[in-house]
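Before any comments, here is the structure.
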Amino acid sequence: MAECPHFEHLLVLPRLRVQNANAISSPLTHGFPSITAFLGLMWALERKTGASGLDLQFNAVGVIAHQHQEQITDGGFVNAFRLTRNPVDKTGGTAAIVEEGRIHLDISLVFAVRSQALQDEQSAPGIAARVREQLGQMRIAGGSLVESSAPRSRQRPYVVSLTGDAEGQQRLFDRLKLRLLPGFALVERPDLLEQRHQALLATQAEATRLDAWLSLARINWHWQAAKENGQGEWQHDRQDLGWIVPIPLGYGALGALQDPGSVINARDSQTPFRFVESLYGIAQWLSPHRLHSARQLLWYTDSQPDDGLYRCRNDYRPTPVHEFDFD
């Protein structure tokens, strides 16, 4: 199984205000941009900073959401996206409406970086400021960076160097977690998917992981009759699960890898091409103070071309909760 690539520094870009980002993360999910969008941003930022003379190797990214505002109607049981009216076409007629989901975000990005330049504590703040400046020229999940309402002191980018011993690294990460509050970090929860699958198998022998994923993607209500008087009550299955969400985790191949330029109208004629579909999993929004290490926050890629898998991974593992009986 893949592991998070080695890194020595955390480059933190806090309190970013993103307007009109893509809220449709996959054909089946919406509500927040896909984690693949942030990994794509990381690679684009690495190329952009490299072209400007900065020697930075970006290996992973963490996303903390402080606020979100999905552009949907707030009336009625079924929500719908708020769509924009496009200008008239060349004949003067009404242009077709392309349904697109948009969302406004207040987020912080944490990049896991390797760089000799960041070893110098004097130059690190200047490098972080240059990266933030170049990020302002880019799109984040299709959205535009605009002026944030957060205090200037909280918008200033900074570098956390994790080059000391384990105790020192933990102390620095504990401070970082507090600076990221209030907010929620997105972490992967494959254990919840496996638990729900096993629970479904107990009553449905043919239940699949897709059934488990769909079950976790909704709130399931059932009537629980009381043994004493038979009255009972309605109960749901979200007890103690936290804020869990279905998300896309990457892409799975639908066919063989095609030679560069062999597919007509491909975006890049210099890169091999492959038709893919989305892979799905379960994630959880978790307060940063509940994380125990930087690796639990970070997302990285796990590409297995021979198996047709291009997947995003996160190393979060829940801490067992022990109940003690003091009676």
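Please go through the stretch 285-305 and give me each residue that is under 20 Å from Pro5 (Cβ atoms), part of a helix (DSSP H, G or I) and of a type outside the set (A, V, I, L, M, F, W, C), ordered by number.
Our first condition is that a residue be under 20 Å from Pro5 (Cβ atoms); within the stretch 285-305, this holds for 291-305.
Narrowing further to those that are part of a helix (DSSP H, G or I): 294-297, 305.
Matches in the stretch 285-305: Arg295, Gln296, Pro305.
Cβ-Cβ below 7 Å, separation at least six or inter-chain, first residue in the stretch 247-271 and without any contact (Cβ under 8 Å) to a residue 60 or more places away in the chain, second basic (Lys, Arg): which pairs?
Ala253/Arg274; Gly255/Arg274; Leu257/Arg274; Gln258/Arg274
What number goes with the only condition from (1) surrounded by fewer than 20 Cβ atoms within 10 Å (Cβ to Cβ); (2) closer than 25 Å to Ser293 by Cβ that Val61 does not pass?
Here Val61 meets the rest and fails (1).
Can you name every one of the strands (runs of 3 or more DSSP E) wholly within the stretch 46-146 that holds 1 or more residues which are touching a Ser or Thr at 6+ places or on another chain (Cβ under 8 Å) and within 22 Å of His9 (Cα to Cα)?
Details: elements: 57-70, 102-114, 143-146.
Fully inside the stretch 46-146 and qualifying: 57-70.
Within the stretch 176-211, count every residue that is within 28 Å of Gly136 (Cα to Cα) and without any contact (Cβ under 8 Å) to a residue 12 or more places away in the chain.
Within the stretch 176-211, residues that are within 28 Å of Gly136 (Cα to Cα) and without any contact (Cβ under 8 Å) to a residue 12 or more places away in the chain number 0.
Among the charged types (D, E, K, R), surrounded by 17 or more Cβ atoms within 10 Å (Cβ to Cβ) and out of contact with any strand residue (DSSP E or B) (no Cβ under 7 Å at 6 or more places or on another chain), is that true of Arg295?
Working: among the charged types (D, E, K, R): yes; surrounded by 17 or more Cβ atoms within 10 Å (Cβ to Cβ): yes; out of contact with any strand residue (DSSP E or B) (no Cβ under 7 Å at 6 or more places or on another chain): yes.
Considered against the rule, which asks whether it is among the charged types (D, E, K, R), surrounded by 17 or more Cβ atoms within 10 Å (Cβ to Cβ) and out of contact with any strand residue (DSSP E or B) (no Cβ under 7 Å at 6 or more places or on another chain), Arg295 comes out as yes.
Collect the residues in the stretch 277-315 that are over 24 Å from His30 (Cα atoms), touching a Ser or Thr at 6+ places or on another chain (Cβ under 9 Å) and basic (Lys, Arg), keeping them in residue-number order.
Matches in the stretch 277-315: Arg290 only.
Is it fair to say Ser115 is assigned by TED's automatic domain parsing to the domain that holds Ala23, touching a residue at least 60 places away in the same chain (Cβ under 8 Å) and crowded, with 16+ Cβ neighbours inside 10 Å? Write out each step before concluding.
On the way: assigned by TED's automatic domain parsing to the domain that holds Ala23: yes; touching a residue at least 60 places away in the same chain (Cβ under 8 Å): yes; crowded, with 16+ Cβ neighbours inside 10 Å: yes.
In short, yes.
Please find, within the stretch 187-246, the residue that is modelled with the lowest pLDDT out of those that are on the phi > 0 side of the Ramachandran plot and surrounded by fewer than 10 Cβ atoms within 10 Å (Cβ to Cβ). I'd like the intermediate steps shown before the answer.
Within the stretch 187-246, the subset on the phi > 0 side of the Ramachandran plot is 230, 232, 240, 242.
Those left that are additionally surrounded by fewer than 10 Cβ atoms within 10 Å (Cβ to Cβ): 230, 240.
Details: Gly230: 67, Asp240: 80.
Across the stretch 187-246, the extreme among qualifying residues is Gly230.
Looking at the stretch 130-175, which of the residues that are among the hydroxyl-bearing types (Ser, Thr, Tyr) and at pLDDT below 90 is surrounded by the most Cβ atoms within 10 Å (Cβ to Cβ)? Walk me through it before giving the result.
Start the filter on the stretch 130-175 by keeping residues that are among the hydroxyl-bearing types (Ser, Thr, Tyr), which leaves 144, 148-149, 153, 158, 161, 163.
Remaining after also requiring at pLDDT below 90: 148-149, 153, 163.
Numbers: Ser148: 16, Ser149: 10, Ser153: 8, Thr163: 11.
Within the stretch 130-175, the match that is surrounded by the most Cβ atoms within 10 Å (Cβ to Cβ) is Ser148.
Can you tell me which condition Arg218 does not meet? The list is (1) of a type in the set (D, E, K, R); (2) under 21 Å from the mean Cα position of the chain (by Cα); (3) more than 30 Å from Phe275 (Cβ to Cβ), and all the others hold.
(3)
Restricting attention to the stretch 156-189, which residues are more than 25 Å from Leu39 (Cβ to Cβ) and part of a helix (DSSP H, G or I)?
Hits for the stretch 156-189 are Ala166, Glu167, Gly168, Gln170, Arg171, Asp174, Arg175, Leu178.
Within the stretch 190-210, is even one residue under 26 Å from Lys48 (Cβ atoms) and in a helix (DSSP H, G or I)? Reasoning before the result, please.
Of the residues in the stretch 190-210, the ones under 26 Å from Lys48 (Cβ atoms) are none.
Checked the stretch 190-210: no residue is under 26 Å from Lys48 (Cβ atoms) and in a helix (DSSP H, G or I).
Name every residue in the stretch 134-191 that is of a type in the set (A, V, I, L, M) and over 22 Å from His104 (Cβ atoms), in order of residue number.
Pass one, the stretch 134-191, residues of a type in the set (A, V, I, L, M): 135, 138, 140-141, 145-146, 150, 159-160, 162, 166, 172, 176, 178, 180-181, 185-187.
Residues satisfying the conditions are Val159, Val160, Leu162, Ala166, Leu172, Leu176, Leu178, Val187.
The values are calculated or read from the model by the stated rules, or taken from the named source; none is laboratory data. Being a predicted model, the structure only gives us computed values, none of them experimental. Every residue, glycine as well, gets a Cβ built from its backbone with ideal geometry; the counts of neighbours run over all protein chains shown.
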